[in-house]
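The values are calculated or read from the model by the stated rules, or taken from the named source; none is laboratory data. Given the structure is predicted, the values throughout are model-derived calculations rather than measurements. Note: ideal-geometry Cβ built from the backbone for every residue, glycine included; neighbour counts use all protein chains shown. Surface areas here come from the heavy atoms of the whole protein model, side chains and all, with no ligands, DNA or RNA. Shrake-Rupley method; radii C 1.70, N 1.55, O 1.52, S 1.80 Å.
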Amino acid sequence: MNMEHEFIAAVILAVALAIFLSFIIEGLKRRNKKQEDRIESLESVVDSLKFHNRRLRGKLEEALKRESRLKAANETLQAKNEKLSSEKMRLAEERILSEKQKNEMLRMIDKRQASLSQYKNLLFLSMSGKEISAEYLGKIMETE
């Protein structure tokens, strides 16, 4: 009977061990399932990040190209601006010279008109038979 008890005890122990191991296996399966779900979730996040990374890289490349074009356009505009500034300065200098020349010409015209006016007066005086003083003739000669 001792052997029967030992056999029954061994069977009970084997069944208890089997039940214990099945609980452990179920727990490991649940843990494994959770880890697989976490891995799938992380893979989904990685795929999403890769997509956004590609999209952002494309935008960055476009921005760099746009920046390059803007720099080139800016340099062109600066060169044109410098050229226009120098042209503006040249035209301003020409205008100043032209103004000076115009003023000089106006002064000369004014002097000639004054001279003509004096000659006209001299002519009227001589036609009227009046004597012309040497002082008046001196003034006329000075303005010439």
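Give me the log10 of I(q) over I(0) for the range 47-104 at q = 0.30 Å⁻¹, as the Debye formula computes it from C-alpha points; what are the numbers? Each listed q maps to, in turn, -1.02.
Rg and Dmax over the alpha-carbon atoms of the range 1-127 stand at 52.7, 180 Å. For the range 1-99, the dipole from Cβ point charges (+1 on Lys and Arg, -1 on Asp and Glu) about the Cα centre works out to 500 debye, to the nearest 20. Summing charges over neighbours of LEU77, with a neighbour being any other residue whose Cβ is under 14 Å away from its Cβ, gives +2 when K and R count +1 and D and E count -1. Accessible area per residue for the range 68-118, computed on protein heavy atoms with a 1.4 Å probe, is 94 Å².
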